[in-house]
Amino acid sequence: MKKIDLAEYKIDKRKLPQHIAIIMDGNGRWAKNRNLQRIAGHREGIESVRNIVESCGEIGISYLTLYTFSEENWNRPLNEIRKIMALLANHLESELPELNKDNVKVQFIGRLHKLSGGIRRKIQKMTETTKNNTGLCLTLAISYGGRSEIIDAVRKIIRAGVKRVTEKSFKKYLYTSDIPDPDFLIRTSGEQRISNFLLYQIAYTEIFVTPVLWPDFKTPELLRAICEYQQRTRRFGRT
Ligand code: IPE
Ligand code: IPE
Ligand code: MG
């Protein structure tokens, strides 16, 4: 990949978001625009994943969280779910050497028990192999729902018999206990909604919606989004 020149995009290297989260939407529409089957869009979407992961690693983003498959996506036609899962299974395996070489630490959040044994094993292998890597921390949200994450946290608290809960202690029970809240949330393909992603964590996240469909979202689109992020004033309720 060509070396990224941040100055060309008027990006200040010292003010990068520490954590970027992305709702990768629009694969189906990308395929439809080309008279292709929806799965062709998902396949092309993987190219964007690879590109964005590489770019984030190169420019020095610490955390990237990608919404890969939602709990509600289980309500899609079985045929599409099967094809998405097959793609996932293939790529969890084929991308591992490159991710590891790039020092990426990969982790997974969501109700992973709903995934097949085969995929769970690949997830475990990827997590285990990359756990000591010190570069980009990549979190893939699969079978993920923001509401179920909160419910799962409450269940863990009840099971542990914990009586006193604070914002700080509650965070420890979320799937994202070991990562900071996102600074910047990007949603591709124009929909202005959260679709059950990281509900608790995005309380003060800057939101950016682009009409660009996920398979068309590559390094230049990412850099333009980061440039826009740097124009924002984050107030956190203060003046
Ligand atoms: C996002 O693309 C990928 C997943 C939700 C798995 P979509 O499949 O939602 O694409 P559109 O929204 O139909 O275009
Ligand atoms: C959100 O996209 C989920 C992922 C990107 C994985 P959807 O396409 O499922 O969201 P809705 O249905 O348009 O809200
Ligand atoms: Mg969609």
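The values are calculated or read from the model by the stated rules, or taken from the named source; none is laboratory data. What you see is a predicted model; the values in this text were computed from it and never measured. Quick reminder, even Gly has a Cβ in these numbers, built from the backbone with ideal geometry, and neighbours come from all protein chains shown. Calculation scope for accessible area: heavy atoms of the full protein, side chains included, ligands and nucleic acids excluded. Shrake-Rupley method; radii C 1.70, N 1.55, O 1.52, S 1.80 Å.
Remarks
- Rounded to the nearest 20 debye, dipole of the chain from Cβ charges on Lys, Arg, Asp, Glu: 760
- Estimated FRET transfer efficiency when R0 is 30 angstrom, pair Lys171-Arg121 (beta carbons, to 0.05): 0.55
- Top of Asp178, Asp152, Asp25 by mean-square fluctuation, Gaussian network on the chain, Cα under 10 Å: Asp178
- With 0.36 nm allotted per residue and the present C-alpha distance subtracted, the Ile151-Arg224 stretch has 22.7 nm of extension available.
- Rounded percent of accessible protein surface that carbon and sulfur make up, the chain, 1.4 Å probe: 50
- All Cα pairs of segment 128-170, percent lying beyond 17 Å: 54
- Each other residue within a Cβ distance under 10 Å of Trp74 adds +1 if Lys or Arg and -1 if Asp or Glu, for a net charge of +1.
- Prolate/oblate/rounded call for segment 25-85, Cα gyration tensor, a/c under 1.5 rounded: oblate
- Kirkwood radius and radius of gyration were both taken over the C-alpha atoms of segment 110-196, and their ratio Rg/Rh is 0.99.
- Heavy-atom accessible area per residue - the chain, 1.4 Å, Å²: 54
- Pairwise FRET efficiency - Asn51 versus Arg14, Cβ, R0 = 35 Å, nearest 0.05: 0.90
- For the chain, the mean residue ellipticity at 222 nm estimated from helices alone is -13000 deg cm²/dmol, where every DSSP H run of n ≥ 4 contributes -39500 (n - 2.57) and the total is divided by all residues, rounded to the nearest 500.
- In plain terms, the chain from Lys101 to Asn35 could stretch by 20.1 nm, reckoned as 0.36 nm per residue minus the Cα-Cα distance.
- Three-way shape label, segment 23-159, alpha-carbon gyration tensor, a/c 1.5: oblate
- Extended-chain gain in nm, criterion 0.36 nm per residue less alpha-carbon gap, Arg232 and Ile4: 79.8 nm
- For segment 92-239, a/c is not less than 1.5, where a ≥ b ≥ c are the root eigenvalues of the C-alpha gyration tensor, and a/b does not top b/c. That puts it in the oblate class.
- Cross-link check: pairs Lys114/Lys156; Lys105/Lys172; Lys125/Lys156; Lys15/Lys101; Lys101/Lys122; Lys83/Lys122 evaluated at a Cα-Cα cut-off of 22 Å; pairs beyond the cut-off: Lys125/Lys156; Lys15/Lys101.
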